[in-house]
């Protein structure tokens, strides 16, 4: 059988990312084709892609018009670097992204993915400080929990201990402040007050570190996989910007997971009219049809660096014609078909359905997110928000039960990567209302099966 042959080859040669490839209790699944929100494996089983590939297949799978856009470009010019040259698709895509970016951001630097984009933001910020005679500025403050990528620089600002600890001796670790986990706070404060208090932790850390040493603050406007779609209070964002301005600290937003319409705005920061100095983007900007990442920055930052001899940084495949052609086609599709608006509408229906599940299952302690970046967290006690025991491995069991029933979802340890269980529901932006119901019906059956299996 072809399936068995591929399984044997995979187990012998294919090395998966972040997990052991043969760690699937039911054996290897091999996905071979997709159409819209659905995927099929080599044995003919159909799955609803509630993960959108990996938070990036905004337009779903098997879109021939997108493949054609990339293929047509490849037939003309598949590759050439954008070091001292340019090509039309990179120029047009940069201009389009500058048009969509907030505030004074209008210069675009391409990478091939999210980790590269974050790494590039770090180096851009540092070189800007050096080129403006502020060599003492080198510290980048981030959140804990957080995830910003797998390269060493990105790991240094990542607040996920299991991912960071093995490499810590190789890193210049950066300071962290707590993420705005207001749903865990047991106090008499309003969300507005909590948001201010969490933001003020940044000011306290800047003062502790020494304002002259702090280069930047980086965060995801809406938490990604590390916190399970954590949304800070509205008051958080204005105060964060004020603090950065007060202490001459660059504000970097990591929109790798949250951008390209996923949250119901083209960029998540738009929900709060946030104007960062530098933005990292990737994932949904080419919707899985080509590797593409983006750094967008204020013109004055870029001009300082250009006038000092140029950015001492680059990647071989960054901004290649094929990837940029795919990116242009994706952005055109998102804007013309109003998929950002659809994410907002269908995301609200998804939230309502997840809240109904919360009413049915006492294990669900919190539902959160915006648009089609949604998540729910399991707890042992909803009143105290005590997590389930780590040894129970609920984050594995629920994913497995959903998979058995034809739904792909994503799970992580919620609280710093060591305890807690959250599950992310992030389907393609083309999803329809009836498909939201389909997802939640499978989730209900999967929760029932998990509870029975774990004797909860």
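Quick notes on this one:
- The residues listed here are 78, 36; of these, the one that is in contact (Cβ under 8 Å) with a residue 40 or more places away in the chain and within 22 Å of the chain's Cα centre (by Cα) is 36.
- Which listed residue is crowded, with 19+ Cβ neighbours inside 10 Å and either assigned by TED's automatic domain parsing to the domain that holds residue 293 or in contact with a helix residue (DSSP H, G or I) (Cβ under 7 Å, 6 or more places away or on another chain) (or both), from 74, 98, 94: 94
- Only one of 224, 293 that is within 21 Å of residue 375 (Cβ to Cβ) and buried (at least 22 other Cβ atoms within 10 Å of the Cβ): 224
- Subset of region 191-224 [more than 24 Å from the chain's Cα centre (by Cα), over 25 Å from residue 130 (Cα atoms) and not in a helix (DSSP H, G or I)]: none
- Going through (1) over 26 Å from residue 332 (Cβ atoms); (2) in a strand (DSSP E or B); (3) without any contact (Cβ under 8 Å) to a residue 60 or more places away in the chain one by one, residue 44 falls short only on (2).
- Residue list for region 133-164, restricted to those being modelled with pLDDT of 95 or more, buried (at least 17 other Cβ atoms within 10 Å of the Cβ), part of a loop (DSSP other than H, G, I, E, B) and out of contact with any helix residue (DSSP H, G or I) (no Cβ under 8 Å at 6 or more places or on another chain): 145, 146, 159
- Whether a residue is over 22 Å from residue 326 (Cβ atoms) and surrounded by fewer than 19 Cβ atoms within 10 Å (Cβ to Cβ) was assessed, and residue 236 does not pass this test.
- Selection within region 406-428 - under 19 Å from the mean Cα position of the chain (by Cα), assigned to a loop (DSSP other than H, G, I, E, B) and within 19 Å of residue 40 (Cα to Cα): 409, 426, 427, 428
- Residue list for region 302-355, restricted to those being buried (at least 20 other Cβ atoms within 10 Å of the Cβ) and not in a helix (DSSP H, G or I): 318, 319, 320
- Residue match in region 10-20 (condition: surrounded by 13 or more Cβ atoms within 10 Å (Cβ to Cβ) and in contact with a helix residue (DSSP H, G or I) (Cβ under 7 Å, 6 or more places away or on another chain)): no
- Top-ranked residue in region 46-71 [being modelled with pLDDT of 95 or more and farther than 29 Å from residue 254 by Cα; ranked as nearest to the chain's Cα centre (by Cα)]: 47
- Test result for residue 129, under 22 Å from the mean Cα position of the chain (by Cα) and either without any contact (Cβ under 8 Å) to a residue 24 or more places away in the chain or assigned to a helix (DSSP H, G or I) (or both): no
- Of all residues in region 101-123, those being in a helix (DSSP H, G or I) and either under 20 Å from residue 288 (Cβ atoms) or outside the structural domain of residue 301 (by TED's automatic domain parsing) (or both) number 5.
Results for (1) free of Cβ contacts under 8 Å to residues at least 24 places away in the same chain; (2) assigned by TED's automatic domain parsing to the domain that holds residue 229; (3) closer than 16 Å to residue 229 by Cα, shown as yes or no for each residue.
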| site | (1), (2), (3) |
| --- | --- |
| 370 | no, no, yes |
| 381 | yes, no, no |
| 391 | yes, no, no |
| 419 | no, no, no |
| 423 | no, no, yes |
| 437 | no, no, no |
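- Residue under evaluation residue 272, criteria (1) within 19 Å of residue 115 (Cα to Cα); (2) out of contact with any strand residue (DSSP E or B) (no Cβ under 8 Å at 6 or more places or on another chain); (3) surrounded by fewer than 24 Cβ atoms within 10 Å (Cβ to Cβ), criterion not met: (1)
- Between 200, 186, 245, the distinction of being within 26 Å of residue 259 (Cβ to Cβ), surrounded by fewer than 20 Cβ atoms within 10 Å (Cβ to Cβ) and in the same structural domain as residue 120 (by TED's automatic domain parsing) belongs to 245 only.
- Qualifying residues in region 361-399 (those that are out of contact with any helix residue (DSSP H, G or I) (no Cβ under 9 Å at 6 or more places or on another chain) and not in a loop (DSSP other than H, G, I, E, B)) - the one nearest to residue 421 (Cα to Cα): 395
The values are calculated or read from the model by the stated rules, or taken from the named source; none is laboratory data. This one's a predicted model, so the numbers in the text were calculated from it and none came from an experiment. Backbone-built Cβ (ideal geometry, glycine too); neighbour counts: all protein chains shown.
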